[in-house]
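These notes are about the structure you will find just below.
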Amino acid sequence: MAQGAFLQPTKSNGTALTVVILLHATALTAVALSKMDVIRIKPDRTKIIRVAPEAIPPENPPPPTEKVVEPRTTPPITAPTPEIDLPPIFDAPVAEPTHIRDVDLTPTAGVSLPDLPQGAAMPPPPPLPKTVEPARAKANLASYVTDSDYPAAAIRAEEQGTTRFRLAVGADGKVASCTVTASSGSSALDAKTCSIMQKRARFTPARDTAGNPVGDTVSNAIRWILPE
């Protein structure tokens, strides 16, 4: 085949073309940079402030765990049983029974018991004193006075009234004395009153706690009224 009119590129031509292109690019870059304003940016200064760390409240501590202590089991200590040597057993002689006599040993105040001979019986204790209620002297005094006892002088003077008196009665029941404690207004009536009591009155004697007759004092009165 016939060759065309085109030039065939060689290896040396390619290299030269590449160098030219690089030179142009470098020149364009230099021109562009020469026209640009260069602005310097100041770097920001960073302030470092120390901030105290926030106090973190402590978490509630867990409750203390109670330790369960198991009691120690101590095995029982068994003391050894000592060996005791027992004395030999003998039969004691039996004494013959003795007859004991019953004796009344009741103490008596102010009395000493004499030594009695063997076999003598004890005397019985004295009886205890009896205690009774004390009693006053008693008598029916109205039975000793009648209408015929009215004094004649008092009848003539038409005197009447009440005579009050006090009698001293002896342990024998007889009136030892008579005293007018309130007059009737008539001396004849008052005198007759004591005369009748001393001559006629008889009392049941008074008694003490032992039952013995004792003296006493009795007060009473007689009302004198004129007979019809």
**OP:** Run down Ala152, Ala210, Ala176, Ala139 and say which single residue is of a type in the set (A, V, I, L, M) and surrounded by 14 or more Cβ atoms within 10 Å (Cβ to Cβ).
**Re:** Ala139
Subject >> Those residues of the range 191-221 which are more than 13 Å from Leu167 (Cα to Cα) and over 58 Å from the mean Cα position of the chain (by Cα), in sequence order >> reply: Ala191, Lys192
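Just so you know, all these numbers are worked out from the coordinates, no wet-lab data involved. Since the structure is predicted, the reported quantities are computational estimates derived from the model, not experimental observations. So basically every Cβ, Gly included, is an ideal-geometry build from the backbone, and we count neighbours across all protein chains shown.
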